[in-house]
Amino acid sequence: MHSKEQICHDDYQKTADWILSQTQHRPKVAIICGSGLGMLADALKLQDSFHYSDIPGFPQSTVQGHAGRLVFGELKGKTCVCMQGRFHMYEGHSLCKVTFPVRVFKLLGVETLIVTNAAGALADGYCNGDIMIIRDHINMPGLAGLNPLNGPNDDKFGPRFPPMSGVYDKDLRRLAKDICKSLGYSQFVQEGVYCMVGGPNFESIAEARFLHKLGADAVGMSTAPEVLVASHCGMKVFGLSLITNKVVKDYDDTEKVNHEGVLGVSKMRSETLQTLVTELVSRLDINNNTA
Ligand SMILES: O=P(O)(O)O[C@H]1O[C@H](CO)[C@@H](O)[C@H]1O
């Protein structure tokens with residue numbers, strides 16, 4: 001490992017090589033589970049799983065609702081790797097650490113990244129329990145100069161100046177909407193803009209109003225760095241936000257959001273999300289590799 005903030009290609013490769021030596025699975029799809037959404041991994045068949053603490057070079061999860069396990073297996077015959085627990089900037093991880101697994105996945109052969117998160121609703125029409133297909137994001141830390149791609153560019157992964165338009169794959173979003181329709185989910189499925197903030201505090205009322213005015217429909221403390229790094233190295237990206245709470249935008253509203261409430265709503269919708277993700281993966285146009 002180089003300096004604390006700098007991770008070099010060899011570091012990602014060492015972790016990837018270790019994983020390749022421990023499992024026969026060769027995933028083309030990676031799934032990152034948001035707060036309380038780790039059960040997405042439970043649907044994987046023929047599982048091989050590893051605690052983050054046992055994987056050389058891997059950061060550790062510290063947040064309740066993020067188990068800290070990497071699970072390999074098959075979803076309807078498609079080989080996947082699932083992160084049961086992600087890393088957040090507010091835990092004290094550098095953004096290189098937050099996104100470390102994404103580059104490792106690239107070296108494992110992953111072509112599609114599915115990100116999920118718990119998020120608060122800014123859009124007026126959204127309800128708790130709604131599922132928002134992410135159309136685009138606003139990366140507040142990124143706009144302020146906190147970017148996982150800061151520092152020397154690793155040309156083996158991607159270009160110095162990557163475009164960020166159209167990152168959330170249009171075909172996958174269309175496919176997801178078709179699946180939601182056929183599953184009868186349409187009445188609680190939205191499509192919108194996710195805004196990442198640094199956290200760990202939830203938003204003040206003035207901040208919530210500001211983000212809403214900027215065009216954000218939902219807000220959370222993750223996802224944008226992982227998506228950015230995945231897109232930089234050429235992966236297809238699909239994202240889902242589970243709306244776990246309304247963000248207070250009104251000074252007369254005395255409601256206060258808390259993490260336990262977030263986890264409660266995640267639990268309530270876990271099966272639905274699992275069904276949707278499973279169906280989506282089963283319809284991806286990919287063939288399995290074998291070790
Ligand atoms: O984005 P995920 O990991 O789903 O978690 C969300 O839930 C936590 C707050 O309750 C924050 O970490 C926020 O980002």
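Quick notes
- Whole-Hz ³J(HN,Hα) from phi, Karplus 6.51 cos²θ - 1.76 cosθ + 1.60, for the range 267-276, glycine and proline x: 4, 4, 9, 4, 5, 4, 5, 4, 4, 4
- What the Cα convex hull of the range 198-291 gives, in volume per residue, is 158 Å³.
- Across every pair of non-identical alpha carbons in the range 33-114, the mean reciprocal distance, once inverted, gives a Kirkwood radius of 13.0 Å.
- Shape of the range 1-72, Cα gyration tensor, a/c cut at 1.5: oblate
- Highest mobility in the GNM of the chain, judged by mean-square fluctuation with C-alpha springs under 10 Å and restricted to D54, D42, D252, is found for D252.
- Residues listed by number, the range 52-96, amide nitrogen under 15 Å from K14 label point at 7 Å toward C-beta: 54-59
- Relative to the Cα centre, the charge distribution of the chain, modelled as +1 at Lys and Arg Cβ and -1 at Asp and Glu Cβ, gives a dipole magnitude of about 540 debye.
- Cross-link reach is defined here as a Cα-Cα straight distance under 25 Å, omitting same-chain residues fewer than 8 places apart; for K170 the lysines meeting it are K28, K76, K78, K106, K181, K213, K236.
- Within the listed set A218, A119, A208, the Gaussian network model of the chain (springs between alpha-carbon atoms below 10 Å) gives the highest mean-square fluctuation for A208.
- Distance-filtered residues of the range 182-218 - backbone nitrogen under 19 Å, label point 7 angstrom along Y251 Cα→Cβ: 203-213
- Anisotropy class of the range 1-156 from Cα gyration tensor, a/c 1.5 cut: oblate
- Among I134, I114, I55, residue whose mean-square fluctuation peaks in a GNM of the chain (springs only between Cα atoms under 10 Å): I55
- Cα-based equivalent ellipsoid of the range 9-290: semi-axis lengths in Å, sorted from largest, via gyration tensor: 28, 22, 18
- Across the chain, the longest run free of exposed loop sites, meaning GluC sites (Glu not before Pro) lying outside DSSP classes H, G, I, E and B with no more than 11 other Cβ atoms within 10 Å, spans 6-254.
- Between N287 and F161, the contour length at 0.36 nm per residue exceeds the Cα-Cα span by 42.3 nm.
- The residues of the range 9-290 expose, per residue, 42 Å² of accessible area to a 1.4 Å probe.
- By the helix-only formula, in which each DSSP H run with n ≥ 4 contributes -39500 (n - 2.57) and the sum is divided by residues, the chain has a 222 nm mean residue ellipticity of -9000 deg cm²/dmol.
The values are calculated or read from the model by the stated rules, or taken from the named source; none is laboratory data. None of the values given here were measured: they were computed from a predicted structure. Quick reminder, even Gly has a Cβ in these numbers, built from the backbone with ideal geometry, and neighbours come from all protein chains shown. With ligands, DNA and RNA removed, areas are computed over all heavy atoms of the protein, side chains included. Shrake-Rupley method; radii C 1.70, N 1.55, O 1.52, S 1.80 Å.
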